1. Return the residue satisfying two criteria in turn: it lies in the stretch A:64-86 and is open to solvent by 50 Å² or more (accessible area, probe 1.4 Å) and facing chain B (nearest Cβ under 7 Å), and of such residues it is farthest from DNA strand C (Cβ to nearest atom).
2. Return the residue satisfying two criteria in turn: it lies in the stretch A:121-137 and is among the small types (Gly, Ala, Ser) and in a helix (DSSP H, G or I), and of such residues it is least open to solvent (accessible area, probe 1.4 Å).
3. Please verify whether residue B:140 is modelled with pLDDT of 90 or more, over 30 Å from residue B:54 (Cβ atoms) and more than 8 Å from chain A (Cβ to nearest Cβ), treating the condition exactly as stated.
4. Which of the residues that make up the stretch A:4-23 are within 11 Å of DNA strand C (Cβ to nearest atom) and hydroxyl-bearing (Ser, Thr, Tyr)?
5. Looking only at the stretch B:1-22, which residues are within 9 Å of DNA strand D (Cβ to nearest atom) and modelled with pLDDT of 95 or more?
6. Go through (1) away from DNA strand C (no atom under 16 Å from the Cβ); (2) closer than 23 Å to residue A:107 by Cα; (3) open to solvent by less than 60 Å² (accessible area, probe 1.4 Å) for residue B:110 and report which single condition fails.
Protein chains: 2
Amino acid sequence: MSRTEPAGMFTIGEAARASGVKVPTIRYYEEIGLLPAPPRTEGGRRSYGAADMRRLAFIRHARELGFEIEAIRTLLQLQDQPDQSCAAADAIARDRLIEVERRIASLTALKAELQRMVEGCSHGHVAACRVIEILADHGECRHHHGPAEPGGLGR
Amino acid sequence: MSRTEPAGMFTIGEAARASGVKVPTIRYYEEIGLLPAPPRTEGGRRSYGAADMRRLAFIRHARELGFEIEAIRTLLQLQDQPDQSCAAADAIARDRLIEVERRIASLTALKAELQRMVEGCSHGHVAACRVIEILADHGECRHHHGPAEPGGLGR
DNA sequence: CCTAACTCCTCTAGCGACTAGAGGAGCAAG
DNA sequence: CTTGCTCCTCTAGTCGCTAGAGGAGTTAGG
C-alpha cells in the first residue's frame, strides 16, 4: 500500500466517495460549522478520521431525509450528549414527518390537476389547449389557493 | 369614485391583491421579463391593464402548480401564438406530472422511514434513541441512496 | 393648504444549500 | 522529471424570491 495519509485517516476525496457527499459540499459543511475542521497533513490537506466519517454519514442521511441544516446541527449536538433525553430529537423527527405528510397531500392535489390538464389536451392547437386553458383560468380548477408546495415550487 | 388611475387600469397593489402575487414579486417578474413592463402614470407608477392581470393570474397559477419560471416563460409564449400546436405545452405539463409523481413516491418512502424513527423512539435518553440511531447508521434502513428530493431537501 | 398615513419608487443585500470556476500547489506513477 | 490527478483557497452564481433603506407620489381629513 502506498498511502501518504496517516493510518486510519482519509482524504477529502475518500470521504466524499465513502459518504456520497461531494467534495465542495464537505468543505461547505466545515465552513458552516456542521463538520469540525479536521487536522491537516504537512502539505495542508484535510485528513479525516473515523469519527468524522461517521458524522458525515449521519449528515448525509439526515439531508436525504430532508432535515434542514439547522435541524441536523441540533441532532448532532444531541448525539454528542447521549445522556440527555431524546425528546428534542423526537420532536424534530415528528415535525419533519408532519411536513412530509403535508407535502404529499399537496403534491397529490397537484398531480390530480396536472392529470386533468394532460388528459384533457386534445393535441390540437394552442387556442383549444386544455393545458393553457386551465392555467389561464384559475376558476376552472378544484385547486384552492395557497402555495402548492411550501418552498413555492417542487424543485 | 376617486380614482387617479386611468379607467380600467390597476396599481401594482391592486394587481397584487387580485392575483395573490406579492408586490415585490410582480416587480421581480417584470425584471426577469416574465411580465411586460407596463405603462407608467405621470407620477411614475406602474399601471396595469386587463391583459396584464390575466397574465399575472396565469403565472400565479402555474407557479402554484410548481412550474419553473423558464417553463412558464415557454407556456406564455405558446399562449401568445394560439395557432401553433399545443404539443410543447402538453410536453411541459407531462414532464411536470412525471416529476410530481416521482416526488410523491420519494416522499412516501421518506414518510415510512420517519415513521419508523418516531414510532421506535422509546422516549428515553439519546443513547438508546431510535431517531439518532437510524440517522447514524444508514445500513439500518430500507431507504436506498440518491437524493430523496431532487432539490436536495423538501423545502 | 397642510399634514399624516399610505402606497409606491429604486436599489442593494440576503436567504438556503449548495455549485461552478479560476488559479495555484501537492503528490503518485511512469 | 514530467504528466495527470487531487487538493487548496477564493469569488461568484444558482433559484425564486424576501427584506430593508431611503425617498417620492398620493389620498383623506382637518
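The values are calculated or read from the model by the stated rules, or taken from the named source; none is laboratory data. What you see is a predicted model; the values in this text were computed from it and never measured. As a convention, Cβ positions derive from the backbone with ideal geometry for all residues, glycine included, and neighbour counts pool all protein chains shown. With ligands, DNA and RNA removed, areas are computed over all heavy atoms of the protein, side chains included. Shrake-Rupley method; radii C 1.70, N 1.55, O 1.52, S 1.80 Å.
1. Residues of the stretch A:64-86 that are open to solvent by 50 Å² or more (accessible area, probe 1.4 Å), as a first pass: A:68, A:70, A:73-74, A:77, A:79-85.
Still in the running and facing chain B (nearest Cβ under 7 Å): A:68, A:79, A:81-85.
On the way: A:68: 3, A:79: 18, A:81: 22, A:82: 25, A:83: 28, A:84: 23, A:85: 25 Å.
It comes out as A:83.
2. Start the filter on the stretch A:121-137 by keeping residues that are among the small types (Gly, Ala, Ser), which leaves A:122, A:124, A:127-128, A:136.
Of the ones still in play, those that are also in a helix (DSSP H, G or I) are A:127-128, A:136.
Values: A:127: 71, A:128: 57, A:136: 41 Å².
Once the filter is applied, the top-ranked residue is A:136.
3. Working: modelled with pLDDT of 90 or more: no; over 30 Å from residue B:54 (Cβ atoms): yes; more than 8 Å from chain A (Cβ to nearest Cβ): yes.
So residue B:140 does not fit the description; no.
4. A:4, A:11
5. B:11, B:21, B:22
6. (1)
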